[in-house]
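The values are calculated or read from the model by the stated rules, or taken from the named source; none is laboratory data. What you see is a predicted model, and the numbers here were worked out from it, not measured in a lab. Cβ atoms come from the backbone with ideal geometry, glycine included; neighbour counts cover every protein chain shown.
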Amino acid sequence: MTKKQINQNDSYKNELLNSIDNEYIYESAPISRIKNKIYNIEDKLKSLDELKNKIGSIEDCKLKENASNLVFSDGSIDSQIMIVGEGPGQKEDELSKPFVGDAGMLLNKMLKAININRKDIYITNVVNYRPPNNRKPEPNEILRYSNFLREHIAIINPKILILMGSTAMESLLGSKNKISKERGKWKEVIINNSTYLTMVTFHPAYLLRQADQKKYSWADLKVIRKKIDELEIKF
């Protein structure tokens, strides 16, 4: 365990550091990974298009009935980092793109704080249609869309999977877990016999409501950055 010196040049870092000490103790455990199926770009494009059509053809869905557009993904399909959020809000529904509202702007700052450009990662949500009145997706909706999400993850095949918020955590890890206890720890999610290194952290929308929790988000971001460097992931 080592003491981490923190660069305070970035404005987002400064905002978070106002509420935490200037040191953080990393915890790491060895992670075994099963070799995943390799997709080339053409395979990914074809598979993603098929998945999008499959989601667009879903029937008897309250989410789809109340939404204006299907919100599928954003970013680089060849990225080794994949972020999963909850579901589209009003702005996302209008633009058919995840994380473009206030939460999206905060996400961009969070990524920039650990020297990542949003365009270099891949982003999606648990549900692909805006819930009525921006409510949290219901358990049956999370379960239904989790099948699509698992297929989505298998296609992108990331080295690091980041689950933002309790809905994303519930979709892949179950509903009995509390995000306050599960965040910040490396986990393994197995999909189609492939193992994905996974981190749970708070959703940016939650951080906008609970600014005092940003210190935990910042701690998680540092752990993620450390793992990116260890795995020599390039952007």
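Output yes when any residue across the stretch 86-97 is out of contact with any Leu (no Cβ under 9 Å at 6 or more places or on another chain), among the acidic types (Asp, Glu), within 20 Å of Trp186 (Cα to Cα) and in contact (Cβ under 8 Å) with a residue 40 or more places away in the chain, and no when none is. Within the stretch 86-97, one or more residues are out of contact with any Leu (no Cβ under 9 Å at 6 or more places or on another chain), among the acidic types (Asp, Glu), within 20 Å of Trp186 (Cα to Cα) and in contact (Cβ under 8 Å) with a residue 40 or more places away in the chain.
Taking the condition of being under 22 Å from Phe235 (Cα atoms) and out of contact with any Lys or Arg (no Cβ under 7 Å at 6 or more places or on another chain), how many residues in the stretch 67-82 meet it? Within the stretch 67-82, residues that are under 22 Å from Phe235 (Cα atoms) and out of contact with any Lys or Arg (no Cβ under 7 Å at 6 or more places or on another chain) number 5.
Among the residues making up the stretch 224-233, those that are touching a residue at least 40 places away in the same chain (Cβ under 8 Å) and outside any helix (DSSP H, G or I) are Leu231, Ile233. From the list Ala113, Ala103, the one residue that fits, being farther than 18 Å from Asp74 by Cα, in contact (Cβ under 8 Å) with a residue 12 or more places away in the chain and touching a helix residue (DSSP H, G or I) at 6+ places or on another chain (Cβ under 6 Å), is Ala113.
One line per residue, one yes/no per condition, for (1) out of contact with any Lys or Arg (no Cβ under 7 Å at 6 or more places or on another chain); (2) buried (at least 18 other Cβ atoms within 10 Å of the Cβ); (3) among the small types (Gly, Ala, Ser); (4) assigned to a loop (DSSP other than H, G, I, E, B):
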residue: Val84; (1), (2), (3), (4): yes, yes, no, no
residue: Val100; (1), (2), (3), (4): no, yes, no, yes
residue: Leu106; (1), (2), (3), (4): yes, yes, no, no
residue: Asn115; (1), (2), (3), (4): yes, no, no, yes
residue: Thr124; (1), (2), (3), (4): yes, yes, no, no
residue: Asn128; (1), (2), (3), (4): yes, yes, no, yes
residue: Lys136; (1), (2), (3), (4): yes, no, no, yes
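Can you find a residue in the stretch 216-223 that is in contact with a helix residue (DSSP H, G or I) (Cβ under 9 Å, 6 or more places away or on another chain), without any contact (Cβ under 8 Å) to a residue 60 or more places away in the chain and in a helix (DSSP H, G or I)? Checking the stretch 216-223: at least one residue is in contact with a helix residue (DSSP H, G or I) (Cβ under 9 Å, 6 or more places away or on another chain), without any contact (Cβ under 8 Å) to a residue 60 or more places away in the chain and in a helix (DSSP H, G or I).
Within the option set Gly184, Gly174, being at pLDDT 95 or above, of a type outside the set (Asp, Glu) and out of contact with any Leu (no Cβ under 8 Å at 6 or more places or on another chain) holds for one residue only, Gly184. Only one entry of Leu173, Leu197, Leu207 meets the criterion of being among the hydrophobic types (A, V, I, L, M, F, W, C) and buried (at least 20 other Cβ atoms within 10 Å of the Cβ), and that entry is Leu207. The residues on offer are Asn108, Asn115, Asn192, and the sole one that is out of contact with any Ser or Thr (no Cβ under 9 Å at 6 or more places or on another chain) and over 22 Å from Lys234 (Cα atoms) is Asn192.
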